[in-house]
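J.: Sharing a structure here in structure tokens format.
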Amino acid sequence: MTGRQGGSSSRGEMKKVNVDLLSLSYGTLVFQLIRDYENDAEVNTQLEKIGINIGTRLIEDFLSRSQMPRCKAFQESVEVICKSAFKQYFGISSVEATNWNSAMTECSLILKENPLADFVELPEKHQGLFYSNILCGVIKGALTAVHQDVQCSFVQDVLLGNPTTEIKLKFLGIIKDTIPAGEDD
């Protein structure tokens, strides 16, 4: 048991416990979705939907805590996701945005670590499952909440035998109909 008993527990130890708890709880969620749905594609869809709901709420918390001004460009939003948000909410400290296209509207996020995938081994019959697909939903939900329409999908996953975990982001445009009056610059 960890905690602040006698002042012996450090903040770093508590954070590790929280990440481990998240990882194990997430595994239970994925297991239940696998039992409830017919195929991996539907589980992937459900994980993304759950992530979108989480992302729309996390962005509010992130913006209120960080006091950051609204990002003006997709590239700026991606940098904030990589440098701050992943670490703050998922304990993922090494995310790199790479493979930008010339228009700066597409990139890949390379996750050097993924605590959601700790303690996980996918059975052979689930090779179409993107186990951490909730992350795509979280990114999509958060960016949609700040008026950026994106596609977000897994390209590679170490759980599927790939050498790295890669998420592809594609900026589709600004969502104008939801931008509050006076903020459309």
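Every read-out reported here was derived from the displayed coordinates using simple, explicitly stated rules and does not represent laboratory data. Because the structure is a prediction, the values reported are computed rather than measured. Because the Cβ atoms are built from the backbone with ideal geometry, glycine has one as well, and the counts that use them run over all protein chains shown.
J.: Mind listing the lone cysteines of the chain, meaning no other Cys beta-carbon sits under 4.7 Å from theirs?
T.: 71, 82, 107
J.: A further question follows. By its C-alpha gyration tensor, with a ≥ b ≥ c as the square roots of the eigenvalues, how is the chain shaped: rounded for a/c under 1.5, else prolate for a/b larger than b/c, else oblate? Don't jump to the answer; show the numbers that get you there.
T.: On the way: a/c = 1.72, a/b = 1.19, b/c = 1.44.
Since a/c reaches 1.5 but b/c is at least a/b, the shape of the chain is classed as oblate.
J.: Let me ask something else. Around residue 150, with a cut-off of 9 angstrom between Cβ atoms, what is the net charge of the other residues, counting Lys and Arg +1 and Asp and Glu -1?
T.: Values: positive: 140, 170; negative: 149.
Charge balance near residue 150 sits at +1.
J.: Further question on the same structure: Pairs on different chains or at least eight residues apart, Cα atoms closer than 22 Å: how many lysine pairs in the stretch 38-185 fit?
T.: Qualifying lysine pairs in the stretch 38-185: 24.
J.: Please arrange 26, 89 by how many other C-beta atoms lie within 10 Å of their C-beta, fewest to most.
T.: Fewest-to-most ranking of 26, 89: 89, 26.
J.: Under the rule a/c < 1.5 gives rounded, and otherwise a/b versus b/c splits prolate from oblate, where does the stretch 78-131 land using the Cα gyration tensor?
T.: Because a/c hits 1.5 or more and a/b fails to exceed b/c, the stretch 78-131 counts as oblate.
J.: Order by neighbour count: 167, 110, fewest other Cβ atoms within 10 Å first, most last.
T.: 110, 167
J.: What are the membrane-span-like helices in the chain by this rule: whole DSSP H runs, Cα extent along the axis at least 18 Å, mean Kyte-Doolittle hydropathy at least 0.0?
T.: 11-36
J.: Output the antiparallel fraction of DSSP beta bridges having both residues in the chain, as a percent to the nearest 5.
T.: If we restrict to bridges inside the chain, about 100 percent are antiparallel.
J.: What does the charge count near residue 169 come to, summing +1 for each Lys or Arg and -1 for each Asp or Glu among other residues with Cβ under 10 Å from its Cβ?
T.: Numbers: positive: 140, 168, 170; negative: 106.
Computed value for this residue: +2.
J.: Let me ask you something else. So what's the net charge close to residue 97: Lys and Arg +1, Asp and Glu -1, counting the other residues with Cβ under 15 Å from its Cβ?
T.: With Lys, Arg at +1 and Asp, Glu at -1, the net is 0.
J.: Ok, one more. Please find, in a Gaussian network model of the chain (springs between Cα atoms separated by less than 10 Å), the residue of 157, 149, 61 whose mean-square fluctuation is greatest.
T.: Judging by the Gaussian network model, the answer is 61.
J.: Could you list 109, 58 in order of exposure, starting from the residue whose Cβ has the fewest other Cβ atoms within 10 Å?
T.: 58, 109
J.: At 7 Å along the Cα-to-beta-carbon direction for both residue 124 and residue 176, put a label point, then send me their distance in nm to one decimal.
T.: 5.4 nm
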